[in-house]
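Below: the structure, in structure tokens.
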Amino acid sequence: MTRLRPLLLTLSLLLVVAVSALGGAASAQPANPTPNYTDWDNVATFTERAIEAKRASNTALEELRNEIVNWRQQFLDAQQTNRAAIATVRAQLDAIGPAPEDGSEAEDIASQRQELNSRLSQLQAPVKRAELAYTRADSMVSGIDGIIRERQTEELLDFGPSPLNPAHWVAGAQGLYAAFDIIRNEVVGAWNDPEQRAETKEDLPGFLVLTAIGVILIARGRRWTKRLVRYVLCEDDDRVPGAGRWVAAYVVSLGALVLPLLGTFALVEAAYVTGLVGVRGTLFLSALLRAVFIYLLARWLSMRIFPSIQLRSPLASLNDQQRRSGRFYGASLGVVISTFYLLHAMSEYAEWSEAATNVVLFPVMVIASLLLIRVARLLMAHARSSAEEGAGESYRGRLLRLASQAVIVLSILAPVLAAIGYFKAAQSLMQPSLFSLMLVAVLVVLQRLVNEVYAFVSGRSDGISDSLIPVLIGFALVLLSAPIFALIWGARVADLTELWTQFTEGVDLGGVRISPTIFLTLAIVFAIGYVLTRMLQGTLKNTILPKTKLDTGGRNAITAGVGYIGIFLSALIAITSAGIDLSSLAIVAGALSVGIGFGLQNIVSNFVSGIILLIERPISEGDWIEVGGTHGYVRDISVRSTTIETFDRSDVIVPNADLVSGTVTNYTRGNTVGRVIVPVGVAYGSDTRQVEQILKDVAEAHPMVLANPPPAIIFRGFGADSLDFEIRAILRDVNWVMSVHSDMNHEIAQKFADSSIEIPFAQRDVWLRNPETLAAARPEEAAAPAKSARKRTRRVKDTNDETGDGEAEAD
């Protein structure tokens, strides 16, 4: 079965993808040969009869399908015939316009329209014929795929001989003996040939040399690799090895896979050198070499996932005993998978009966099930350990636990189905599970390699697994492995090529075909335009605009405007370069714009407001503004919103629409000159002229106050508790208003203290009427000397500061 040859399937898939890509590139050429429709009719008629009869074998149907696929590709290429001429004629018809409904049209225009329509019909005739033939071929391909899938389903549900039936055991033993006996007879027959025997004796030295090399590599290769890995990792050193040493040890550890495989290859070549190997022996040795590779790969993967050297964080959170068990189970699974593969190959060349095949393979399936259950339990233990070490079960841990439970269920179900007699169904569960487990292990090891390489290159050691680049590379690895998983679980190469064909052909959207080639062209052209736009913005911002007399806001507005125009032009050029006709999408875009307009009206409003801000520039970066009661500096004006940094260093995101439609106070628009107002109160009885002179001296003495216009001292009036004055001064830079206000308060306090001018506080007199009445109401308190009822005056003194606190004093 093809599922038993993952390497060959992978190579086949890559070859098919490459051929499809080359075919897609060839289809992009302007010259398209005309298909021979006479030959096509003969092939199509024969194929339709074969599909209707359903008697052809799967091999014949696959060959017929490949031929139909080739025809279909020709028809797809033929649909591009006369493309430029058709576009020209349609443009001419659009220029003429539709015919008047009343029929009042000049004769020369009507004849020209008729001639163009006739020309358009002639040009479109081969395209229409190619489209009809393409549809016919595509339906035939679907019909053949349906027949093959139906047969595969019937094969899976086929009830065959049970391996537990003792009547079939003899057939199994005989088949196993016959497989080796065939090879023995080939060797004996070749040895009995005098010429072959003489040739074998002559090649004996080469046989001995290859055998010695093979035995040494198999016996010592793993040990050499292990010693070299320990040396690279510096196991004797207590320090944890860095990412560079880990990557080097990873590369060196491949010797445990490569050296024994080379030794096996040397032994196989030694067998070929003797000349005693026949046809069946060649099939056996080829299968043996692949089986050894499967075993060595499984053993190497188990060593990487369950390492014996605990110098860096392992892939599995297990103790030493569990990791040792994991290495044993992994290597044992490699033996089981390779044995299963080898026995299946022997059943093919020895032509075993179905009963013999089931009997021989059933014990291997049972052992594989037991090992899979053990491995699944180890994975569940890893998930529990990771959950205990962290804050709880993560998404990966939950997924791993569910996958382990599914493996256990499949491991139990497969032998039960095989024992009943549904051996094909059991194989379809067991073999994909084994190969999928190996492929997942390969992905895990590759992801760890990517993490360590990234750690080595970036110089980081923490949080590597959550970094963006390793995550993206891991996601790409999973996507690339998806076709291999599909092949393992029974998908045909034809199914994958059909999906790839549909993917490369693209979809028809509003009369425009969107394909990966078009999308790639669109992305590349837009990316180039985007990069050029950013480079132009950088040149303007750092080189050209600083040499002009424009202020910072004007330079930022020009830079942002160039960015918007560049991105718009990049998108327009990219769409045109990809060959997308926007007129075909006009109706779809018009329908979508209505819904999008209602849903995104606020965003569009903010976008338009952002453009208005960049053009009119009522505010610029660095301005001190007030909007909606929020004071702060403008730090960034984007296409949707504006960022304001408040005085407590917090960022406020204001939609641009609020800045355009609302009231905005710009304190530094045009210049930084501004006014400071300092209110001052003095006690009643103070000399107002003296106070005025002191306040004027304080204002004039401050370095931030402009001399022209001079500061003004205003006697505002007679307050409830004080005589109210104000200092009104113009500052050089209004950004320092709070500092100037504070400095003046300090100077005023000092000057008033030196001049014995009192700064009053708020006072209130509270009088109690008829205190005797209150005393008579509480006779029990009348005897208390401290609480005697006497007329008293309580004066409440309220001191109002900036925080609003007060004090009370009783007299």
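The values are calculated or read from the model by the stated rules, or taken from the named source; none is laboratory data. The model shown is predicted, which means the values in this text are computed figures rather than measured ones. Neighbour counts run over all protein chains shown; Cβ positions are idealised from the backbone, glycine included. Side chains are part of the model used for accessible areas, which takes the heavy atoms of the whole protein and leaves out ligands, DNA and RNA. Shrake-Rupley method; radii C 1.70, N 1.55, O 1.52, S 1.80 Å.
Residue by residue, here is whether (1) within 24 Å of the chain's Cα centre (by Cα); (2) at pLDDT 90 or above; (3) within 29 Å of N70 (Cα to Cα) holds:
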position: S467; (1), (2), (3): yes, no, no
position: E505; (1), (2), (3): no, no, yes
position: R513; (1), (2), (3): no, no, yes
position: V525; (1), (2), (3): yes, yes, no
position: T533; (1), (2), (3): no, yes, no
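Only one of D658, D721, D636 is at pLDDT below 90, under 30 Å from I757 (Cβ atoms), surrounded by 13 or more Cβ atoms within 10 Å (Cβ to Cβ) and not β-branched (V, I, T). Can you tell me which?
D721
List every residue pair whose Cβ atoms sit under 6 Å apart, with the two residues 6 or more apart in sequence or on different chains, where the first one lies in the range 728-757 and is under 15 Å from V682 (Cα atoms) and modelled with pLDDT of 90 or more and the second, anywhere, is in a strand (DSSP E or B) and open to solvent by 40 Å² or more (accessible area, probe 1.4 Å).
Note: no pairs meet the criteria.
Cβ contacts < 9 Å: first residue in a loop (DSSP other than H, G, I, E, B) and hydrophobic (A, V, I, L, M, F, W, C), restricted to the range 667-679; second residue open to solvent by 70 Å² or more (accessible area, probe 1.4 Å) and at pLDDT 85 or above, any location; separation 6+ or different chain. Result?
Within 9 Å, the pairs are V673/R732.
Looking only at the range 736-751, decide whether some residue is outside any helix (DSSP H, G or I), open to solvent by 40 Å² or more (accessible area, probe 1.4 Å) and of a type outside the set (S, T, N, Q). Give the derivation first.
Step one: filter the range 736-751 for residues outside any helix (DSSP H, G or I), giving none.
Checked the range 736-751: no residue is outside any helix (DSSP H, G or I), open to solvent by 40 Å² or more (accessible area, probe 1.4 Å) and of a type outside the set (S, T, N, Q).
Take R460 and tell me if it is of a type in the set (D, E, K, R) and open to solvent by 80 Å² or more (accessible area, probe 1.4 Å). Steps first, answer last, please.
Values: of a type in the set (D, E, K, R): yes; open to solvent by 80 Å² or more (accessible area, probe 1.4 Å): yes.
Yes: the conditions hold for R460.
Can you tell me which condition Y422 does not meet? The list is (1) open to solvent by 30 Å² or more (accessible area, probe 1.4 Å); (2) aromatic (F, W, Y); (3) under 35 Å from the mean Cα position of the chain (by Cα), and all the others hold.
Evaluating Y422 over (1) open to solvent by 30 Å² or more (accessible area, probe 1.4 Å); (2) aromatic (F, W, Y); (3) under 35 Å from the mean Cα position of the chain (by Cα) leaves (3) as the failure.
Just give me the residues in the range 41-70 being open to solvent by less than 30 Å² (accessible area, probe 1.4 Å), of a type outside the set (S, T, Y) and within 45 Å of the chain's Cα centre (by Cα), in sequence order.
Residues satisfying the conditions are A44, L61, L64, R65, I68.
Looking at L443, L449, can you tell me which residue is free of Cβ contacts under 8 Å to residues at least 40 places away in the same chain, of a type in the set (A, V, I, L, M, F, W, C) and out of contact with any Pro (no Cβ under 9 Å at 6 or more places or on another chain)?
L443
For every residue, the table says whether it meets (1) at positive phi; (2) surrounded by fewer than 14 Cβ atoms within 10 Å (Cβ to Cβ); (3) of a type in the set (A, V, I, L, M); (4) not in a loop (DSSP other than H, G, I, E, B).
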| residue | (1), (2), (3), (4) |
| --- | --- |
| R72 | no, no, no, yes |
| P98 | no, yes, no, no |
| I109 | no, yes, yes, yes |
| L120 | no, no, yes, yes |
| R129 | no, no, no, yes |
| M140 | no, no, yes, yes |
| E154 | no, yes, no, yes |
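Would you mind finding the one in G474, G490 that is open to solvent by less than 20 Å² (accessible area, probe 1.4 Å), modelled with pLDDT under 90 and touching a Leu at 6+ places or on another chain (Cβ under 9 Å)?
G474
Let me spell it out: the conditions are (1) open to solvent by 30 Å² or more (accessible area, probe 1.4 Å); (2) of a type in the set (A, V, I, L, M); (3) part of a helix (DSSP H, G or I), and L315 meets all of them except one. Which number is the exception?
Of (1) open to solvent by 30 Å² or more (accessible area, probe 1.4 Å); (2) of a type in the set (A, V, I, L, M); (3) part of a helix (DSSP H, G or I), only one is false for L315: (3).
Scan the range 680-701 for residues that are buried (at least 17 other Cβ atoms within 10 Å of the Cβ) and part of a helix (DSSP H, G or I) and jot them down.
Within the range 680-701, V691, I694, L695, V698, A699 meet the criteria.
For residues that are part of a loop (DSSP other than H, G, I, E, B) and among the small types (G, A, S), scanning just the range 631-666, find the one that is nearest to the chain's Cα centre (by Cα). First the steps, then the outcome.
Let us first name the residues in the range 631-666 that are part of a loop (DSSP other than H, G, I, E, B), namely 638-640, 646-650, 662-663.
From what's left, among the small types (G, A, S): 638, 650, 662.
Details: S638: 26, S650: 32, G662: 41 Å.
Among residues in the range 631-666 that are part of a loop (DSSP other than H, G, I, E, B) and among the small types (G, A, S), the one nearest to the chain's Cα centre (by Cα) is S638.
Considering only residues that are open to solvent by less than 80 Å² (accessible area, probe 1.4 Å) and touching a residue at least 12 places away in the same chain (Cβ under 8 Å), which ones fall in the range 193-212?
Q196, T200, D203, G206, F207, L210, T211
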